Amino acid sequence: MKLVRSKDDLRTLRRKWIFAGEKVAVVPTMGALHAGHLSLVEAAKKGADRVIVTIFVNPKQFNNPDDLDKYPRTEHEDAEKLAPYGVDALYVPTPDQIYPDGFATNVSVSGLTEDLEGAHRPGHFDGVATVVSKLFLQSRADVAFFGEKDYQQLLIVRRLSEDLDIETEVVGCPTVREADGLAMSSRNVQLGGEARAIAPALYRAMETAADAIRGGVAATVAIKQAKEEVLAAGYGEIEYLELRSAKDLRPLETPAEPARLLVAAMLDGVRLIDNIAV
Ligand code: PAF
């Protein structure tokens, strides 16, 4: 695995691969890799000849400076975790490779970004859309792999790639969970022992609500019940828990079309998000 820190070095590698007719995949990450990321790398290995993993903790997508400071940075451990996977390049750009002096462009996707995460994290999705556009263009990857855990992000990234005629196909991969159901996330390491024990209550409540909705219970009723369960378990605040269209995130009353239950909730000062198919 070649460690690459500049876009020029990445381009040189990429050119060689294009010349050899090889299909290139990119797995964009902010590091602090866990089994969820590694499942994306596995999918990338199956779907392409060459795999680039990127690690860049993108300041533009953090609306809260404290959150940015607390975000785990574990490049050395990340490289060790990737070693057995046959990744071709680990791209860890220095900040000037992404945001050089004078950088003045913002990629903003309308509609899909406006509520759920967008309503609670102003500017977050502009930061994501801008950095992902740059990573797609710098890597010129044929295909990119994203986790369904950030479901809204997945739809936004797919939209921007289509809208900007970027020739990178966006593939979504299932959320990977701990044995107790907690969705894998780089933020989970911030949970203290007691909070970690409470955390899976979120997924349990979502599963119960999804089963109830599938069985014909009104979404409003099932969601109210789920919120009560989550708060009773010890969560501090639920920012949203909603049934939305899986295609475009329109609010739904019933799962008359493929739907997702999406949630964001605070536990012990840590913001957790999750979603499941209904
Ligand atoms: O999901 C993430 O880790 C980030 O939002 C991404 C896609 C790498 C962009 O910084």
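Beyond 19 Å, the tail of the calculated P(r) for the range 220-278 holds 30 percent of the Cα pairs.
Computed from the C-alpha gyration tensor, the three semi-axes of the ellipsoid equivalent to the range 58-117 are 27, 17, 15 Å, from longest to shortest.
Once Rg and the Kirkwood radius are both taken over the C-alpha atoms of the chain, their ratio Rg/Rh works out to 0.97. The packing ranking, built from the mean of other Cβ atoms within 10 Å per residue, places the peptides 80-89, 122-131 in the order 122-131, 80-89, highest first.
Computed over the range 43-178, the alpha-carbon pair-distance distribution with 10 angstrom bins reads 10, 38, 41, 10, 0, each value a whole percent.
Pick from E207, E228, E194: which residue has the top mean-square fluctuation in a GNM of the chain where Cα pairs under 10 Å get a spring? Between E207, E228, E194, it is E194 that shows the largest mean-square fluctuation. Looking only at A219, A256, A183, which one moves most when the chain is put into a Gaussian network model with springs between Cα atoms under 10 Å? With Cα springs under 10 Å in the chain, the top fluctuation among A219, A256, A183 is at A256.
Fewest Cβ neighbours within 10 Å first, please rank K45, K224, K7 accordingly.
Details: K45 18, K224 13, K7 21.
Result, fewest neighbours first: K224, K45, K7.
Per-residue Karplus couplings for the range 2-16, computed as 6.51 cos²θ - 1.76 cosθ + 1.60 with θ equal to phi - 60°, are listed in order as 8, 8, 10, 10, 10, 5, 5, 5, 5, 4, 4, 4, 4, 4, 4 Hz, Gly and Pro entered as x.
Footprinting exposure proxy ranking of F145, F19, F136, F103, fewest other C-beta atoms within 10 angstrom first, gives F19, F103, F136, F145. Note: the range 1-122, Cα convex hull, 146 Å³ per residue.
Listed by chain and number, the aspartates and glutamates whose C-alpha is less than 18 Å from the C-alpha of K70, apart from same-chain residues fewer than 8 away, are D78, D268. Build a GNM of the chain with springs between Cα atoms under 10 Å apart, and of D67, D150, D142 the one that fluctuates most is D67. For the range 170-278, the pair-distance distribution built from all alpha carbon pairs, in bins 5 Å wide starting at 0, is 2, 13, 24, 24, 19, 12, 5, 1, 0 percent.
Every number here is computed from the coordinates shown, using simple stated rules; none is lab data. Note that this is a predicted model, so its numbers are computed, not measured. So basically every Cβ, Gly included, is an ideal-geometry build from the backbone, and we count neighbours across all protein chains shown.
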